[in-house]
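The values are calculated or read from the model by the stated rules, or taken from the named source; none is laboratory data. All values derive from a computational prediction rather than experimental measurement. Ideal geometry is used to build each Cβ from the backbone, glycine not excepted, and the neighbour counts take in all protein chains shown. Ligands, DNA and RNA are stripped out before the accessible areas are found, and what is left, the full protein with its side chains, is counted by its heavy atoms. Shrake-Rupley method; radii C 1.70, N 1.55, O 1.52, S 1.80 Å.
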Amino acid sequence: MTSAVLVDIQDEVTCPICLELLTEPLSIDCGHSFCQACITANSKDSVPGQEGQSRCPVCQTSYWLENLRPNRHLANIAERLREEDGKLICWLCERSQEHRGHHTFLMEEIAQEYQEKFQESLKKLRQEQQEAEKLTAIIREKRTSWKNQMEPERHRIQKQFDQLRSILDKEQQRQLKKLEEEERKGLNIIAEAEVELVQQSQSLRELISDLERRCQGSVTDLLQDVSDVAKRSEFWTLKKPEALPTKLKSMFRAPDLKKMLRVFRELTDVQSYWVDVTLNPHTANLNLVLSKNRRQVRFVGAQLSGSHLEEHYGCGVLGSRHFSSGKHYWEVDVAKKTDWILGVCSDSVGPAFSFNQFANSRHIYSRYQPQSGYWVIGLHHKHEYRAYEESSTSLLLSMTVPPRRVGVFLDYDAGTVSFYNVTNHGFPIYTFSKYYFPTTLCPYFNPCNCVFPMTLRRPSS
């Protein structure tokens, strides 16, 4: 086969659109053939006004899409030409009828060309390999990191639900104990009434028996101690038992679990910002003693009362941390204390102040106000829980469960200071909101005129 003939054949099996050997060729009515993908894409541009009809890209003859037909003959020729391309042959085969007219090159020439191409490809592929190895290492690291996150989170979830179950178990035991106590009291009342009724019945039987004996006996028996017997008979009255228990004083109502979960979740959320706060010994006066680990403060001054009590409400101590942005949480143990004040204060105010500085105030607690640089709550006289807002008097707080541990959450940027009753599963106590903090803030602790200590808890303790 001559070179010219081969070229002609190659032209016949070349797609006029992509200029490559035909792939799955389709022929149209005018006789031209195209790759299936090429002519299908061309057919999307239909003749205006004639839906489904297109024009041949070569001769512009109209054709219908449904008239396209596969051309197996051209497909076979194109496939054969693909097989011939790139074959290694010897010099005898080059002169054979099969390869006559084919373009051939010396292997050394082609080898050099492909050597350069392959070297370039190797360089690129090695870079890709290095990148793949890096990505593999990253993926392994991510997998390890991801797995490492799971176990602590799994443990945290289990712990939190264990706490919730513990809360419910304790509440169940408390309610059952309360019911048992009410049952015991009711049964005691009933038992006492029963004993009293037995005694009365015995006395009544004896009196009836005495009267029957007198009526059936002699005149002498009838009249013996007649006055006493007559009085007893006339005035004897059955004493009915006082109110017997018929209905439970209070029926148990299950707690609002959704509210409990919401409160517990809120406490858990703020506890994620727990910071390790200790006491600053340089801010404590002589009436206060700090523990060696600086987590506990105790009042050791003289026990005063009356107007002198005001002097002790200035005996506070600051925390070691200073906050000028962000979210921060800490917890304080106030168990057994009858008086305390805690929260945050401006570091420019300091832990204590002179009594004379507030001598004109109408109330000893009026000094603890946001306008004075304090955002605090406190307990006084064992039962009065108060929040010190901007007013001459403090706000009395209702506390269903006295807090033995109080959580403090400062959101500096939001301008809020919130307090939580950790003892009561994290129920909110009070929130100072929408304040602008002009300076750096410090945790504030005041044990007041009470010898029991205030103790800062370690994170998650």
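Results for (1) out of contact with any Leu (no Cβ under 9 Å at 6 or more places or on another chain); (2) within 29 Å of VAL401 (Cα to Cα); (3) at pLDDT below 90, shown as yes or no for each residue.
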{"site": "SER307", "(1), (2), (3)": "yes, no, yes"}
{"site": "HIS312", "(1), (2), (3)": "no, yes, yes"}
{"site": "SER320", "(1), (2), (3)": "no, no, no"}
{"site": "PHE323", "(1), (2), (3)": "no, no, no"}
{"site": "GLU331", "(1), (2), (3)": "no, yes, no"}
{"site": "VAL344", "(1), (2), (3)": "no, yes, no"}
{"site": "ASP347", "(1), (2), (3)": "no, no, yes"}
{"site": "ARG362", "(1), (2), (3)": "yes, no, yes"}
Item to check | Residue among LEU223, LEU187, LEU248, LEU207 that is at pLDDT 85 or above and surrounded by 11 or more Cβ atoms within 10 Å (Cβ to Cβ) | outcome: LEU187
Next on the checklist: Take the conditions surrounded by 10 or more Cβ atoms within 10 Å (Cβ to Cβ), within 23 Å of LEU257 (Cβ to Cβ) and of a type in the set (Gly, Ala, Ser) and apply them to SER121. Does it pass?
Outcome noted: no
Next on the checklist: open to solvent by less than 100 Å² (accessible area, probe 1.4 Å), of a type outside the set (D, E, K, R), under 30 Å from LEU244 (Cβ atoms) and more than 47 Å from the chain's Cα centre (by Cα): is that true of VAL195 in this structure?
Outcome noted: yes
Checklist outcome for this item: When restricted to LEU279, LEU267, LEU248, the only residue within 24 Å of the chain's Cα centre (by Cα) and touching a residue at least 60 places away in the same chain (Cβ under 8 Å) is LEU267
Next on the checklist: Taking the conditions exactly as written (modelled with pLDDT under 90, more than 31 Å from the chain's Cα centre (by Cα) and open to solvent by less than 20 Å² (accessible area, probe 1.4 Å)), does TYR388 satisfy them or not?
Outcome noted: no
Checklist entry - Only one of these conditions is not met by GLU181: (1) open to solvent by less than 90 Å² (accessible area, probe 1.4 Å); (2) closer than 30 Å to PHE419 by Cβ. Which number is it? => result (2)
Checklist entry - Has region 416-423 got at least one residue that is open to solvent by 10 Å² or more (accessible area, probe 1.4 Å) and aliphatic (A, V, I, L, M)? => result yes
Checklist entry - Pick from region 22-62 the residues that are at pLDDT below 85 and touching a Ser or Thr at 6+ places or on another chain (Cβ under 7 Å): which of them is farthest from GLU79 (Cα to Cα)? => result VAL47
